[in-house]
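Contents: one structure, followed by commentary.
The values are calculated or read from the model by the stated rules, or taken from the named source; none is laboratory data. Here the structure is a predicted model, which means the values were calculated and not measured. As a convention, Cβ positions derive from the backbone with ideal geometry for all residues, glycine included, and neighbour counts pool all protein chains shown.
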Amino acid sequence: MSDQCYLLASALQIFHNERKKQLRLPDVEIEADQKELFGRHGDIKAENILWFKKQSEELDQLVLNDFGLARLHSKISRSMQIAIGMPRTETYRAPEFDIPNGKITRTSDIFSLGCTFLEFVTWFLEGFKAADVEFVDARSEPDPHDPNFKLDTFFKIEDESGTKVPIIKQQVKDWIQRLRDHRNCTHYINDFLDLIEQNMLDPNPKQRFESSRVVDRLGVLRTACHSDTTYWRDPIHIQS
């Protein structure tokens, strides 16, 4: 698990920092370093991660898939994408999609990856039904624009003195605590949840980790798993 999550984040980092030059550029004079391309996946979710079952002694492999909504931008355009109206998967979208004049950046992918990782940990500890049904039901709330529908996003928008402010749903925070309290929660899982909650699901895109920092942190957790079996094997909570 630590290997595959690290490699998935590494794959996203590679795409986020693509350095190939554009074939076409606007007919204006720009700095050479502004011609570099920066990718954004735009649709990270569990359904877009493929599982390759190995028949040999090699380990199974998870692969980031479906770049149908992916975009490549130069430094000129990468921070100018207005979020509202852009295609995305509703459940895993970052809060900036729902904020007036919210801007899409590469950290929008990090929020979606955090949602996906949280579902992964849920499945790991409690099974498929918990991830696919119970967690969805726990965080679903009536759509403020249409009470006949429910939203299973990981955040909601609150109005503070006329300003739209995104916050992570309390139900999501409670769910993370439920996973921390699980009888099989290990130090690895607990540290992974710290990264997800504090750094990947930060509702403020400017404070949210970039892909390189996520990779660095997951690399530390991965190294700890390989060097100390008790880190990933032994539950934090002592059973009576």
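Among the numbered conditions (1) within 18 Å of Leu193 (Cβ to Cβ); (2) surrounded by fewer than 23 Cβ atoms within 10 Å (Cβ to Cβ); (3) small (Gly, Ala, Ser), the only one that Ser112 does not meet is (2). So which residues in segment 43-59 are modelled with pLDDT under 85 and within 28 Å of Ser108 (Cα to Cα)? Passing the criteria: only Asp43.
Name the single residue that is nearest to the chain's Cα centre (by Cα) among those in segment 173-196 being outside any helix (DSSP H, G or I) and under 11 Å from Thr122 (Cα atoms). Among them, the one singled out is Cys185. Note on segment 129-176: residues that are closer than 18 Å to Pro203 by Cβ and in contact with a helix residue (DSSP H, G or I) (Cβ under 7 Å, 6 or more places away or on another chain) amount to 11.
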